[in-house]
Amino acid sequence: MVTGSGLRTLLSALLAAAFCTACATESRIPDVTHDGLVLVPDSKMALAWKKPGADFSQYTRVGLLDCEVAFKRNWKMNHPNVRTRDMERIKKALSDEFRAVFSEELEKGGYPIVAEPDDNVLLIRPAIIDLDVAAPDTNTAGRSDSFTTSAGSMTLVVEFYDSVSSEILARAIDRRNARNVGNVTWTTRGTNTDSARRLLKRWADLLVEKLDEIHGVQGG
């Protein structure tokens, strides 16, 4: 499994790929990626690519790597009162929430989370990029209250690998906004966390639904 500088390199590559994807018109979206994945039409994610002939039915367990997190470009410039340590805290908290939510939903769906590679283990490598927290709660003494109609938005970039061979099998990109409450509300660390958990749960549910479809599991 890739760690350390390898993950930082991976995140940079994902950032570049997602940025190009976000800026591209539909005609510029590649039908085949640089690593041989083919565009999947009618995906529930914004964009998805899959390795031709990849058989996901053999995977009944999941390996989950830590979720890398990156803020939206110039986010710090738009929030000058936010300290670097606050940004690091937010990134770690979101990464931890990702693991907690995805582990809970996958386990509940019948797909155990394991730490070691095996023939039936699908390795998931996630990254959240373009994180835009509309009103971050820095818990700073003397701070002013924050009010907003939405907690913000983020983009998920997720890759799926065979855990034994490290062969890439699929990649998906999806951007979502936190639910707009319709009127201005007080924003706290708790409300931001709740909004993030709802977005993460939606993505986790989509993954479980896809795995169920592959394994022929009927919805309850």
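The values are calculated or read from the model by the stated rules, or taken from the named source; none is laboratory data. This is a predicted model, so every value here is computed, not measured. In this analysis, Cβ positions are derived from the backbone assuming ideal geometry, glycine residues included, and neighbour counts consider all displayed protein chains. Accessible surface areas use protein heavy atoms only, side chains included; no ligands, DNA or RNA. Shrake-Rupley method; radii C 1.70, N 1.55, O 1.52, S 1.80 Å.
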Matching residues, the range 147-168, being modelled with pLDDT under 95 and in a loop (DSSP other than H, G, I, E, B): Thr149, Ser150, Ala151
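For every residue, the table says whether it meets (1) open to solvent by less than 30 Å² (accessible area, probe 1.4 Å); (2) under 13 Å from the mean Cα position of the chain (by Cα); (3) more than 30 Å from Val217 (Cβ to Cβ).
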position: Phe56; (1), (2), (3): yes, no, no
position: Thr60; (1), (2), (3): no, no, no
position: Asp66; (1), (2), (3): no, yes, no
position: Trp75; (1), (2), (3): yes, no, yes
position: Arg85; (1), (2), (3): no, no, yes
position: Arg89; (1), (2), (3): no, no, yes
position: Leu94; (1), (2), (3): yes, yes, no
Only listed residue being surrounded by 13 or more Cβ atoms within 10 Å (Cβ to Cβ), at pLDDT below 95, more than 21 Å from Glu88 (Cβ to Cβ) and basic (Lys, Arg), chosen from Arg189, Arg198, Arg171: Arg198
Residues within the range 102-139 that are open to solvent by less than 40 Å² (accessible area, probe 1.4 Å) and under 11 Å from the mean Cα position of the chain (by Cα), tallied: 8
Any helices (runs of 4 or more DSSP H) falling wholly within the range 1-112 and containing at least 3 residues that are at pLDDT below 90: 5-23
